[in-house]
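The values are calculated or read from the model by the stated rules, or taken from the named source; none is laboratory data. Computed from a prediction, not measured in an experiment: that's the story for all the values here. Don't worry about glycine lacking a Cβ; one is built from the backbone with ideal geometry, like all the others, and counts go over all protein chains shown.
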Amino acid sequence: MARTSTSHATSRRPSPLSSVRAPAGRPNGRAPAELRALTIEPNYLAFAEGSALISLGNTRVLCAATIEDRVPPWMRGRGNGWVSAEYAMLPRATQERTQREATRGRLGGRTHEIQRLIGRALRAIVDMKKLGERTVLLDCDVLQADGGTRTTAITGAYVALALALGRTFDPLGPDWPLTGALAAVSVGFVDGQARLDLEYEEDSRAEVDMNVAMTERGEYVEVQGTAEGRPFGRERLDALLELADAGIRTLLAAQRDVLARARPTANAGRP
């Protein structure tokens with residue numbers, strides 16, 4: 001089992017339940033442009049075609065990819081494939097227990113939004129014609145939430161997707177369905193300062209928060225930005241995108257390292 005970590009941090013973050021914070025600046029003394037400690041454990045599940053447990057600080061998401069030799073009824077006969085995602089959070093992933101949505105009998109609006117985001121982001125880097133009439137189902141389950149769950153899910157789901165496709169396709173061959181790599185991260189302004197990879201304590205009081213998904217070519221797949229309280233200008237937008245770009249490139253490098261170790265012939269999405 002391969003494991004990778006960024007050089008940004010060397011110690012495990014304290015529990016989000018802890019009230020002990022750094023006296024000034026960011027929680028745990030991180031620099032504004034510093035990611036939380038990152039680990040990606042590929043092939044975490046025994047039975048899934050592809051899987052990865054990704055941890056970013058105290059946020060932990062288990063991602064699994066399943067390949068089915070069929071497509072939704074409305075796509076049959078077209079010769080194209082499909083990628084879809086589901087997202088869920090364990091009841092005690094949060095500081096207080098959250099009721100299972102299955103118990104309530106319906107998915108919440110937030111869950112719908114996030115799983116559509118994950119599916120949309122991953123479809124952007126898949127050649128559906130090369131995938132053929134197959135469906136890839138991505139299951140992203142949050143084991144522990146401390147901010148950035150949707151972006152962490154996208155980053156981990158890409159690894160699971162690449163591993164799953166590697167069972168059916170040659171990553172170095174002309175029919176490899178991935179057109180590139182993809183990762184995502186959160187950024188925002190907190191206390192007037194642009195910060196990378198917000199944890200919950202920061203996200204909950206950010207003046208501006210944004211989720212950015214980007215390919216290895218520097219192309220944006222998703223930019224979700226929200227002003228809390230008052231609008232923000234182009235200067236702040238550019239500052240956040242620049243910060244996200246640097247963070248995502250670090251995540252992409254970690255993905256490449258994991259895939260190279262887990263599947264030596266993998267080429268991180270390049271045909």
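Can you work out which of the residues in region 76-112 that are of a type in the set (D, E, K, R) and surrounded by 13 or more Cβ atoms within 10 Å (Cβ to Cβ) is modelled with the lowest pLDDT?
Residue satisfying both the conditions and the ranking: 101.
Which one of 178, 161, 198 is without any contact (Cβ under 8 Å) to a residue 60 or more places away in the chain, crowded, with 24+ Cβ neighbours inside 10 Å and not small (Gly, Ala, Ser)?
198
Please enumerate the residues belonging to region 70-91 that are in contact with a strand residue (DSSP E or B) (Cβ under 7 Å, 6 or more places away or on another chain) and of a type outside the set (Phe, Trp, Tyr).
Scanning region 70-91 gives 70, 71, 72, 75, 81, 83, 84, 85, 86, 88, 89, 90.
Within the group 225, 229, which residue is without any contact (Cβ under 8 Å) to a residue 40 or more places away in the chain, at positive phi and not in a helix (DSSP H, G or I)?
Going through 225, 229 in turn, just one is without any contact (Cβ under 8 Å) to a residue 40 or more places away in the chain, at positive phi and not in a helix (DSSP H, G or I): 229.
Mind telling me which of the residues 48, 65 ends up being part of a strand (DSSP E or B), among the aliphatic types (A, V, I, L, M) and buried (at least 16 other Cβ atoms within 10 Å of the Cβ)?
Within the list 48, 65, the selection yields 65.
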